[in-house]
Amino acid sequence: MTMTTYQTTLLQWLRWLPLVALVLVGAGYAVGLRHSHTPRNLVAGIRQQSGADDAPHSVDGRPRDTSVGQSVAGLDEEFSRYWNEHGHQPAPVASWEVVSRRLSLALVGSGLSLDEIRFLESLPEESRVEACLENLLRDPRFHDYWAERWARTFVGAEEGPFIVFRRRRFVHWVRDQFRENRPYDAIVRDLVTARGFGNDQPQVNFLTVTLESGEPGQPDPVVLAARTSRAFLGMRIDCLQCHDDFLGNLFFGTASEARPGTQQDFHQLAAFYSGARSTGLQGIRDTQHPYRYEYLDTDQTVEVPEQVPFATDLVPDGSLPRERLAGWLTHPENRPTARAVVNRTWALLFGKPLHQPVDDLPLHGPFPPGLDFLADDLLANHWDLQRLIRVIALCRPFAMDSRDPAGVTEARESAWAVFPVTRLRPEQVAGCVIQASRLKTVDDQTSFLVRLRKFGDSGDFLKRYGDIGEDMFNQDPVTVTQRLLMLNGKFIQEHTGHDPVLNACTHVAMFAHDHAHAIETTYWAVLNRAPSANERERVLQAMETGSRTEVIEDLFWVLFNSSEMAWNH
């Protein structure tokens with residue numbers, strides 16, 4: 001090696017020294033101070049005043065919405081009645097750290113950071129879960145994560161037709177709706193009646209994503225009808241596109257005069273979208289364009305009028321078909337829309353819906369406990385999604401343990417008498433690994449270097465691990481390829497290897513007060529809990545005969561590959 005090469009290498013290292021020093025000091029601070037640090041993503045909502053200003057009914061500086069407590073009590077009472085009637089004994093309440101991890105997995109797609117855990121530990125134990133919930137709901141990560149989840153509901157998981165579909169713009173639009181906590185009915189109306197270009201009116205992408213499936217260059221009413229029924233009504237009526245329902249799966253009309261679904265039901269719903277046409281420079285506009293279709297067993301194409309498959313009296317007056325459809329979907333008496341959003345919100349929080357599949361709710365029931373109660377509560381509170389999340393997250397079923405000395409059976413899980421254990425989705429696995437390998441919360445205030453690495457790492461991991469796409473609640477068993485990727489893949493190796501700049505395992509090994517503190521910090525960072533006495537003792541024995549750095553790196557690897565890490569309990 002020449003002197004020039006030595007000088008070049010030295011200059012490259014010197015360029016990184018300030019960043020290395022900053023990260024190391026921050027790591028030592030985070031590991032060494034357990035209770036004195038308030039994470040920046042939580043501090044915004046915490047009132048700093050003391051004394052008389054701190055009302056006893058406030059956990060985060062804001063007065064509680066007492067109506068939320070009343071709704072939670074009513075929901076708990078309904079589940080209690082159901083359990084008593086069916087002979088189910090509810091499981092005991094889980095610890096605060098278990099429930100807080102569930103909240104973080106559901107709302108931001110990863111476990112809690114060590115930074116967040118230390119903050120929650122500084123609060124009275126009885127207020128930790130509610131404080132965690134309130135701060136996560138204000139976190140930009142919640143808006144981003146739920147925007148992607150709901151975008152898949154609205155437009156699917158594919159990238160759509162090139163140029164005319166702007167998926168990223170659409171996801172950002174959905175994120176803004178969550179950030180502003182816009183009523184859900186307003187979001188639905190914006191999507192169904194969208195006009196203009198997908199760039200400056202991102203909600204138009206709800207229509208333009210279908211441009212390649214039907215008439216060239218035009219939105220496809222058939223695909224939009226199927227999407228409308230699944231996403232907004234929580235009903236699968238796709239089979240009616242080709243034939244009447246002869247299996248007895250779909251019934252419309254009233255509960256007392258139910259009738260089987262027909263082809264006309266589907267195509268009359270599709271007719272509402274027929275006038276949504278791409279007009280060149282003006283984008284999507286409403287035009288006079290009749291919907292025509294040749295029904296099964298006929299040899300003539302007929303003009304199909306716009307008509308909804310049930311509750312026809314709820315369709316408002318108006319000249320534009322899509323506006324009438326939007327008014328019908330969001331009418332306070334159109335219960336399927338409210339049930340659908342409740343069922344999907346429950347699924348995002350629990351990992352499985354109240355009624356399965358999530359988009360196949362019967363029009364007239366029967367319904368599981370809590371579904372109609374929460375639908376009524378949502379309607380009574382003006383389609384407030386964040387309030388719905390609060391009610392579900394604070395109810396007894398969400399707080400229950402997934403273990404029970406009385407035994408866990410499929411019947412008890414189906415009755416929500418024990419918290420259901422479900423596999424994490426691929427993006428949650430990636431999020432957990434990335435967050436656990438940092439001591440600080442990875443959010444929008446994190447350094448650009450870390451955020452850039454997170455973006456690249458998570459995208460590459462999902463490509464290799466497999467994205468489950470639109471079916472977010474699929475519980476297929478783990479594949480051999482997925483297990484090998486976790487055991488030997490580059491993603492896990494990079495996040496458990498020796499790296500004094502980025503990796504938490506190196507920081508913990510370097511700055512923990514002693515071996516016991518290093519072990520405890522590792523368990524809190526990865527699994528969001530303290531190690532058991534047996535776990536602590538076994539790792540301590542390994543440290544007595546080996547390097548602390550190597551043992552901690554191995555421990556991170558083991559915990560990343562544990563069953564506990566891969567499930568929502």
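Bear in mind these aren't lab numbers, they're just calculated from the coordinates by the rules spelled out. Bear in mind the structure is a predicted one, so any value in this text is a computation, not a measurement. Cβ placement follows ideal geometry from the backbone for every residue including glycine, while neighbour counts extend to all protein chains displayed.
Between F162 and S319, the simple spin-label model (points 7 angstrom out along Cα→Cβ) gives 4.0 nm. For R236 and D514, the FRET efficiency from 1/(1 + (r/R0)^6), where r spans their Cβ atoms and R0 equals 56 Å, is about 0.45. Less than 5 angstrom separates the built amide H of W567 from those of L424, all sequence-distant by 5 or more or on a different chain.
Stretching the chain fully between E333 and N84 yields a gain of 86.6 nm (0.36 nm per residue, less the alpha carbon separation). Distance from the alpha carbon centroid of the stretch 260-308 to that of the stretch 182-259 works out to 12 angstrom. Suppose R0 equals 41 Å; then what is the FRET efficiency for N181 and E564 from their Cβ-Cβ distance, rounded to the nearest 0.05? Efficiency computed from Cβ-Cβ geometry: 0.75. Working from Cα pairs under 8 Å separated by at least six residues, relative contact order for the stretch 125-242 is 21 percent.
Taking label points 7 Å from Cα along the Cα-to-Cβ direction, Q307 and H364 give a separation of 1.9 nm. Computed from phi, the 3J(HN,Hα) profile of the stretch 301-308 under the Karplus parametrisation 6.51, -1.76, 1.60 (θ = phi - 60°) reads 7, 10, 7, 9, x, 6, 7, 8 Hz, with x in place of Gly and Pro.
With respect to the chain, whose longest principal axis is taken over its alpha-carbon atoms, helix 66-86 is tilted by about 80°. When each of the peptides 98-109, 195-206 is scored by how many other beta carbons lie within 10 Å of its residues on average, the order from highest to lowest is 98-109, 195-206.
Taking a ≥ b ≥ c as the square roots of the eigenvalues of the Cα gyration tensor, an a/c ratio of 1.5 or more together with a/b no larger than b/c marks the stretch 194-235 as oblate. Take every pair of alpha-carbon atoms less than 8 Å apart whose residues are at least six positions apart; their mean separation over the length of the stretch 141-329 yields a relative contact order of 18 percent. For F419, the residues whose modelled amide H falls within less than 5 Å of its own, excluding neighbours fewer than 5 places apart on the same chain, are D401, S402. Rounded to the nearest 10 degrees, the inclination of helix 167-180 to the longest alpha-carbon principal axis of the chain is 80 degrees. For the pair L540 and E121, label points projected 7 Å from Cα toward Cβ lie 1.7 nm apart.
The Cα center of the stretch 540-569 and the Cα center of the stretch 107-167 differ in position by 27 Å.
For the stretch 141-329, the alpha carbon convex hull comes to 133 Å³ per residue, rounded to a whole number.
Peptide packing: for 185-194, 341-350, the average count of neighbouring Cβ atoms within 10 Å per residue gives the ranking 341-350, 185-194, highest mean first.
Spatially, the stretch 474-507 and the stretch 422-462 are offset by 11 Å when compared through their Cα centroids.
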